[in-house]
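Here's the structure, in C-alpha cells; my notes come after.
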2 protein chains.
Amino acid sequence: MNNAAAPQDALVIFTPSGKRGRVPVGTPVLQAARTLGVDLDSVCGGRGICSKCQVEPQTGSFPKHGVTVGTDALSPVNEVEARYDRIRGLAPGRRLGCQAKIMADAVIDVPPESQLHKQVIRKSATERAMVMDPAVRLHLVTVPEPTLDDPTGDFQRLSDALQEQWQISGLHADLEVLSTIQPVLRKGAWQVTAAIWDDGREPPRLLALWPGFREAAPLGMAVDLGSTTIAGHLVDLTDGRVLASSGLMNPQIRFGEDLMSRVSYSMLNEGGAEEMTAAVRDGLGRLSGALAEEAGVAREDIFEAVIVCNPVMHHLMLGLDPVELGQAPFAPATTDAMTLRASELGLGLHPAARTYVLPIIAGHVGADAAAVVLSEQPQQSEDLLLCVDVGTNAEIILGDRSRVLACSSPTGPAFEGAQISSGQRAAPGAIERVRIDPATKAPRFRVIGVEAWSDEPGFAEAVAAVGGVSGICGSGIIEAIAEMRIAGLVDPGGLIGSAEQTGAALIEPQGRTHAYLLHDGSAAGGPVIRVTQGDVRAIQLAKSALYAGARLLMDEFGAERVDRISLAGAFGAHISPLHALVLGMIPDCPPEKVVAVGNAAGTGARIALCSRAARREIEGAVRDITRVETAIAPRFQEHFVAANGIPNSADPFPALAAVVSLPDVSFNAESGRRRRR
Amino acid sequence: MNNAAAPQDALVIFTPSGKRGRVPVGTPVLQAARTLGVDLDSVCGGRGICSKCQVEPQTGSFPKHGVTVGTDALSPVNEVEARYDRIRGLAPGRRLGCQAKIMADAVIDVPPESQLHKQVIRKSATERAMVMDPAVRLHLVTVPEPTLDDPTGDFQRLSDALQEQWQISGLHADLEVLSTIQPVLRKGAWQVTAAIWDDGREPPRLLALWPGFREAAPLGMAVDLGSTTIAGHLVDLTDGRVLASSGLMNPQIRFGEDLMSRVSYSMLNEGGAEEMTAAVRDGLGRLSGALAEEAGVAREDIFEAVIVCNPVMHHLMLGLDPVELGQAPFAPATTDAMTLRASELGLGLHPAARTYVLPIIAGHVGADAAAVVLSEQPQQSEDLLLCVDVGTNAEIILGDRSRVLACSSPTGPAFEGAQISSGQRAAPGAIERVRIDPATKAPRFRVIGVEAWSDEPGFAEAVAAVGGVSGICGSGIIEAIAEMRIAGLVDPGGLIGSAEQTGAALIEPQGRTHAYLLHDGSAAGGPVIRVTQGDVRAIQLAKSALYAGARLLMDEFGAERVDRISLAGAFGAHISPLHALVLGMIPDCPPEKVVAVGNAAGTGARIALCSRAARREIEGAVRDITRVETAIAPRFQEHFVAANGIPNSADPFPALAAVVSLPDVSFNAESGRRRRR
C-alpha cells in the first residue's frame, strides 16, 4: 500500500515518440503527455467528452526501454470510459487518456489519429509528409459565471478562461461573433466550444461559439482560382481529409478567354474591373456552395479559405484594377500574402471565416506558382527540378537548394483545347489519349469517361453512354500530334505530310495543307474529328512559349539540362511525359524523370490550409525566388523562335533519343512531294 | 573659408525646450531638431512644401546659454523660402526649418504651432494641459518607381518608403485603400501624402493616399452618445481645434424614453435590438453629416471617431443585445475598449476610418463615465472629488489619488424636463433660470436664446423673436423649486404651501395640492407655466436617486464629506451649483467648490480622440476603478428614502447653511393651514 504522504513516481514511456519521464502515481495519461511534450490531441481539455485523446496501453516486457509492464499499469476503466464505450464505442485495448491514470511503470502508444499534429502523407512526386498545423481549432472551455461583485464582460471572462485552460492569449472577436457570446454561454450553462483562428502572427480570433461540446470538425476550403476554371477542395481541418472536390468555369470567361483580354476589358470599359471582380467573387461563392452540398455540410461550417491564383485573377478577386499588370514594368498593387475576412470576398462561408491568399511572386508569376513551389519544394531539392504548371499561362519554376527562379509564359489556351479545330475542354466524351500504329498509321484512342480503348470490345456501348465522342481535349491533341510525329505523319517543321507522302490513308487534303482523320462519328450524327495543320501550328506556338520559358530559366541558372521535371496543372495530370518530350514542350530529360503531379497549385493551397508553418515557409521562399520577366528578355524571343520546330533525331535531345526514334522526314507543303531522307 | 575636409561644428540651442547640442555647419534646422530630439513638426519631411516646421531664429547675447548669436547664424533665405513667402506668406522673423541651415552658433525658438506634440490648454475645472498625440497623421512620402528588374508590389514599395522616411513599420491597408494606391502613386508622380492611423498597438494602417502634398488637416469626430441626445464635435487632428459641434435627438427615443424601457423593448420584440441598433447608427451617420456640413468639409475627411456612451447604448450601437444589462448580475457582453472600422457602425466617414470606443466600467457604468474620469481626473486629485454626470441616468464617480469608485443611479428623465407639467428640453424659448423675490414672492426668469431677464427692458420683443416662452427646462425647474424653497413656498418635505400659508399671490390651488404660477402667456396664445406639486415630487425622486448614489460611494470610500464636486452633463453645464445644493441634489459642499464642467463625457471623448496616451491612461484607470452596484446595495435604498426631503437648516449641511438660510416652514396639505415655527 502506498503511503499517501509520500506519493511514488512511475516511469511512463510514450510510443512512437519515445518520450519518457517519471510522473507521480495517479497522473492522468493526458496530463503526463502534456508534461512530457507528447503530441496527444484533446478538444474537451480532459473532460472525457471528445475522445480525441485515445491511447493504447502496452503490456509485457520491453527490453529496449528496460521495463516490464503489467496489466495494472493504468487505473481500471472508470465510469466515464464505460459510458463512452456504451454510447459511442471504444475499440478494444483503447483507453481515454484523460481518464486513465498511471499507477505503475507504463508504455503507452499514441495512435496516429490521436496526435494533434498528425502527419498526412501526400501522394505526390516527393511523398513529402505534411504535419497538421491548421489555423483553426476547436476548444471546449468552461467560463466562470458573472457575479454581482465582478460583473466583467462575458467576452473578457471567456478570454481569460481560454488563456487559463488553453494558453490562448489576447483574444479578439468580430462584432458579429461578440453578439453571440452571451446567449451561447447561457445556453451551454457556461461550458462552450470555441472555434479559434490563430495564424501565429495576428492576435487569436474567436470565430464561433457553440453551447456545450461540439463534435463536428471545423472545415476549410482550398481554392485554385484559374483564369478558366475555379477548383476547390473542402478539407477537414483536424486531419486534412478532402471531403469534397468541385470545380466550375470562371464566370469571368465572358470578359475574355485569356488574362490579357481581361486586362484590356478593364482598360476599355468604365467599371469593367468591378464587373469582373463581382463575377469571380460570385464564382467563388458558388464553389463554396457546391463543395458544401457535395459533402453534405453547411457552408457556415467552413472557417477558413486559402486561395491561390495568378496575378491578374489575384487583383480582380481582391478588387484591385489589373491595368498595371498589362504594361511594363508589370507592377502588382501588392505582392505579400494577405489575410482577409472571407466575407470581404463574398465567399459565403461562416460570417467570421478568414481567407489566406498566398503571396504572388511577380507581376506575371502568381500565387498559383507560389503554391506549386509549396507543393513541389524546388528549394529543398538536391537535384535540379523544373516545375511547369500548364494552363492558359504556364508558370515555370526552376531550381534546387541553391536557388529558385520563376517566370510565366503566355502559352495561350491551346493546351486546354481552345483554338483547336475539334478541341474541347476535358470532359466526358473528349479524346484524351491517342496511339497511332506505326505500320498502318491507324489511330486508336481513349475517351474521358470510358475505360476501354477505341479498338477494344465494349467501347461503342460505353462511349454511347457518355453521349458519344464529342471532341479532343488538351492532352489528346498533344498525344495525337506527338504520335503523328513518331509515325512520320508530321515532319520536324510541323508540316503534315500528304497521304501519298506518309502512306497514311487517313490523311486528307485541306486546301493547300493536310489533315489527319482521328474519328468519323458522322454516321451516328456525331462530329468528324481531325488533326488539322492549323491545330499543329496552334500547339507549336503554345509549346514553343512553354519551352522558351524553361530554357530562359535554364540560361539564367546556368544549366544545360534539368534532372527532373514536374508537370503540374489540371491538364498536367493527364499529360503523357513521353509525348510532351516528343513534342518538345519541355527540355530534354529522361522520360522516367518527368512526373505528372496533378494540380500542384491546388495541392499547395491545401497544404497552406492545413499548416501555418507552410504559410511561413512559402512566404519566405517567395522572397528568395528570382523573378525572370519573359516579356522583355531578348533570349526568350530567340528560344521561342528556335523552339517552333518539333524535335528530330539530329536535335540535342539525347535522353529522348535514347527512348524513341523520330523519323527524319521532311514534307514540302508546296509540292506535296514525299522526301524521305 | 572652411576647409571642406574638416567641417566645423556649431552649437545650436532650441527654445523653449532648452535642448542643445553641436551639429556640423550646414545642417538644416529640421535635421538638427530631429537629431537633438526637439519636437518640430513636418508633414512633407523637409521638402519645403508643408511649412509646418517654421522656426524663429534669435539673435543677440544669451548669457543664460553662454552664447552670442549674430544674424549670420543661419544660411540666407533661399529660393524655396522666398517662393513660399511670395505665394503663402511667411511671418517676419520666421524661417522654414527644413531650408535654413545652421552656419554658426544659433538659438532657435520653436513656436507652439510648429510643435508636433502641441500642448492644448483645456478650459476645464482642472485646466489640465492636453498634448496632441492623435492616432491619425499625414506624411508626404516619395516612393521609388517599379522597374522591370524589381517589380515588387506598389504597396510594398510605399510601405518601405514610409519605413525609411517616417519610421513607420509593418504597414497594413484595407482592400478599399489598396485599390487606390496604383493610380494615386502615378498621378502624384511617385510623391504622395499618406494618412496613417497608428494607435501604437495594432499595426499602423494606411487610411488614404493623395497625389502630391495634401494641405487639408485630417479630421476626427468625438461623440457623446447619450440615451436622449447624441452630441458630437468635429476636431482638427493636427491642433485639437473644434471645427463644429452638433447634436441631435437619439432616434432610439421612439423605443422608450429611458434605458430600461429600451432593454424591455429588446426583450419583448423579436428583432427589437436590431431595430434599435439600426436607429442609433442612423443617428450617428446623420451626426457626422451635420458636423461636416457645419464645418464646410467632406465627411470623407473624417478619419477617426471616438465614441463614449452608457452600457446600454454601447451594446445597442455595437449590435449586442442589451438584455443581460437589464437583469442581475448585469453582465456586459464586453467591457474593454474597442477599435473598429467606422464603416462597421455606418458612421459615413472616410471608408477606411477607424472608431475607438472607450471601455465601459460595469454593466451600469459606461464609457461615458470613463470619459468623465478622463476629463476630470479624479485618480490624479489630491483632494476628494465627486463627479456627477447628470442625464437620464446619473454616472457618479468619487475618488482621489488613492482610489476611485463609480456607480450609476437611475435618476429618470425629470432633470431633462420630462415628467414635468410644463417641462421641455433645453431649447430656445425654455425657461432656464429663475429667481423669486423673497419679499413679493414674484418670479423673474431668463429664457434660452434671450439675454434679458423677464423683468428687464426688451424682454418681450426678444422672447417673441424666439417664438415666445414655451416651457421650462431641467435647469429651470431645479432653480424654480430651489428658489421656492428659499422663499418659503415649499417646505422641507416638498409640499407647496397655499397662497394663504406662504403669502404668495401666485400660488393657486390644484385639487388638494397647490401650484406656483411662473408665467401666464395665455393672453398671447402661449402656455401657462406653473410649478405643480407633481413637478416637485418628480424632482424629489430624481434628486434623491442622485444624492443616494453619491452617498453610497461616500460610505464605500469611508468619507463623511467631499472636497470638490464637478457637475457634468449637457445639463450640468447650465445648472446653478447653489440651487443644486439647496435642493439637496448633491452632498453638502461649499458652493464655490461646486463647478459646472459642461459635457465632461464629450470632453473626455475629445481628449481620447486627440491623444493615444489618453486612451492607454483611461484603459488603465478603468481597470483600477471599484464598481459599486446601486441596484443591490441596501444602503442605496436607505439613502434614497432619507434623501427624499429638501434640506432645512436643521439638516447637517453646514457648508450650505453658511451661505443661505432656508426658512423652517412646514405645510399640511390636508388643512392648508400655515404653520410657521
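The values are calculated or read from the model by the stated rules, or taken from the named source; none is laboratory data. Predicted model only: the values in this text are computed from it and were never measured. Backbone-built Cβ (ideal geometry, glycine too); neighbour counts: all protein chains shown. Ligands, DNA and RNA are excluded from the accessible area calculation, which covers all protein heavy atoms including side chains. Shrake-Rupley method; radii C 1.70, N 1.55, O 1.52, S 1.80 Å.
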Quick test of your reading of the structure: residue B:13 fulfils all but one of (1) surrounded by 13 or more Cβ atoms within 10 Å (Cβ to Cβ); (2) part of a strand (DSSP E or B); (3) without any contact (Cβ under 8 Å) to a residue 24 or more places away in the chain. Name the failing condition by number.
(3)
Might you let me know whether the stretch A:623-637 holds any residue that is open to solvent by 30 Å² or more (accessible area, probe 1.4 Å), in a helix (DSSP H, G or I) and among the β-branched types (Val, Ile, Thr)?
yes
Could you list all residues from the stretch A:7-57 that are among the charged types (D, E, K, R) and touching a strand residue (DSSP E or B) at 6+ places or on another chain (Cβ under 6 Å)?
A:9, A:20, A:22, A:56
Within the stretch A:19-33, can you find the residues that are without any contact (Cβ under 8 Å) to a residue 60 or more places away in the chain and either assigned to a strand (DSSP E or B) or under 33 Å from the mean Cα position of the chain (by Cα) (or both)?
A:20, A:21, A:22, A:24
Answer residue from the stretch B:228-245, given it is of a type outside the set (Val, Ile, Thr), part of a loop (DSSP other than H, G, I, E, B) and open to solvent by 10 Å² or more (accessible area, probe 1.4 Å) and is farthest from residue B:604 (Cα to Cα) among those
B:239
For the stretch A:607-616, indicate whether the set of residues that are closer than 30 Å to residue A:235 by Cβ, within 25 Å of the chain's Cα centre (by Cα), at pLDDT 90 or above and of a type in the set (Ser, Thr, Tyr) is non-empty.
yes
In this structure, does residue B:353 turn out to be more than 10 Å from chain A (Cβ to nearest Cβ), under 21 Å from the mean Cα position of the chain (by Cα), crowded, with 24+ Cβ neighbours inside 10 Å and not charged (D, E, K, R)?
yes
Mind telling me which of the residues A:324, A:304 ends up being over 19 Å from residue A:225 (Cα atoms) and touching a Gly at 6+ places or on another chain (Cβ under 9 Å)?
A:324
Hey, residue B:136 closer than 30 Å to residue B:29 by Cβ and away from chain A (no Cβ under 14 Å) or not:
yes
Matching residues in the stretch A:527-556 (in contact with a Pro (Cβ under 8 Å, 6 or more places away or on another chain) and closer than 29 Å to residue A:506 by Cβ) number 1
If we scan the stretch A:537-555, do we find a residue that is part of a helix (DSSP H, G or I), touching a residue at least 24 places away in the same chain (Cβ under 8 Å) and open to solvent by 50 Å² or more (accessible area, probe 1.4 Å)?
yes
Restricting to the stretch A:435-462, name every residue that is closer than 30 Å to residue A:498 by Cβ and either β-branched (Val, Ile, Thr) or in contact (Cβ under 8 Å) with a residue 40 or more places away in the chain (or both).
A:435, A:436, A:437, A:438, A:440, A:441, A:442, A:443, A:445, A:447, A:454
Looking at (1) over 30 Å from residue B:598 (Cβ atoms); (2) modelled with pLDDT of 95 or more; (3) more than 14 Å from chain A (Cβ to nearest Cβ); (4) buried (at least 19 other Cβ atoms within 10 Å of the Cβ), which one does residue B:98 not meet, given that it meets all the others?
(2)
Can you tell which of B:60, B:37, B:48, B:70 is over 39 Å from the mean Cα position of the chain (by Cα) and touching a residue at least 12 places away in the same chain (Cβ under 8 Å)?
B:70
Of the criteria (1) more than 38 Å from the chain's Cα centre (by Cα); (2) at pLDDT 95 or above; (3) basic (Lys, Arg), which one residue B:512 fails
(2)
Of the numbered conditions (1) more than 14 Å from chain A (Cβ to nearest Cβ); (2) of a type in the set (Val, Ile, Thr); (3) out of contact with any strand residue (DSSP E or B) (no Cβ under 9 Å at 6 or more places or on another chain), residue B:147 satisfies every one except a single condition; which is it?
(1)
Considering (1) at pLDDT below 95; (2) among the aliphatic types (A, V, I, L, M); (3) within 23 Å of residue A:522 (Cβ to Cβ), say which one residue A:480 fails and leave the rest.
(1)
Pick from B:339, B:334: which is at the interface with another protein chain (Cβ under 7 Å from one of its Cβ atoms), among the hydroxyl-bearing types (Ser, Thr, Tyr) and touching a Phe, Trp or Tyr at 6+ places or on another chain (Cβ under 7 Å)?
B:334
From (1) away from chain A (no Cβ under 14 Å); (2) farther than 20 Å from residue B:239 by Cα; (3) out of contact with any Lys or Arg (no Cβ under 9 Å at 6 or more places or on another chain); (4) in a helix (DSSP H, G or I), pick out the condition that doesn't hold for residue B:596.
(4)
Those strands (runs of 3 or more DSSP E) lying entirely in the stretch A:292-402 with at least 3 residues touching a His at 6+ places or on another chain (Cβ under 9 Å) and either modelled with pLDDT of 95 or more or not charged (D, E, K, R) (or both):
A:302-309
Picking from B:461, B:451, B:416, the residue that is out of contact with any helix residue (DSSP H, G or I) (no Cβ under 8 Å at 6 or more places or on another chain), open to solvent by 10 Å² or more (accessible area, probe 1.4 Å) and either among the small types (Gly, Ala, Ser) or at pLDDT below 95 (or both) would be B:461
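Matching residues to (1) open to solvent by 50 Å² or more (accessible area, probe 1.4 Å); (2) over 28 Å from residue A:87 (Cα atoms); (3) among the acidic types (Asp, Glu):
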{"position": "A:24", "(1), (2), (3)": "yes, yes, no"}
{"position": "A:27", "(1), (2), (3)": "no, no, no"}
{"position": "A:41", "(1), (2), (3)": "no, no, yes"}
{"position": "A:54", "(1), (2), (3)": "no, no, no"}
{"position": "A:64", "(1), (2), (3)": "yes, yes, no"}
For a quick check of your reading of the model, give me the residue pairs whose first member lies in the stretch B:340-359 and is over 13 Å from residue B:307 (Cα atoms), whose second is open to solvent by less than 10 Å² (accessible area, probe 1.4 Å) and hydroxyl-bearing (Ser, Thr, Tyr), with beta-carbon atoms closer than 7 Å and at least 6 apart or on different chains.
B:348/B:288; B:349/B:288
Of the residues in the stretch A:288-323, those that are within 14 Å of chain B (Cβ to nearest Cβ) and among the small types (Gly, Ala, Ser) come to A:319
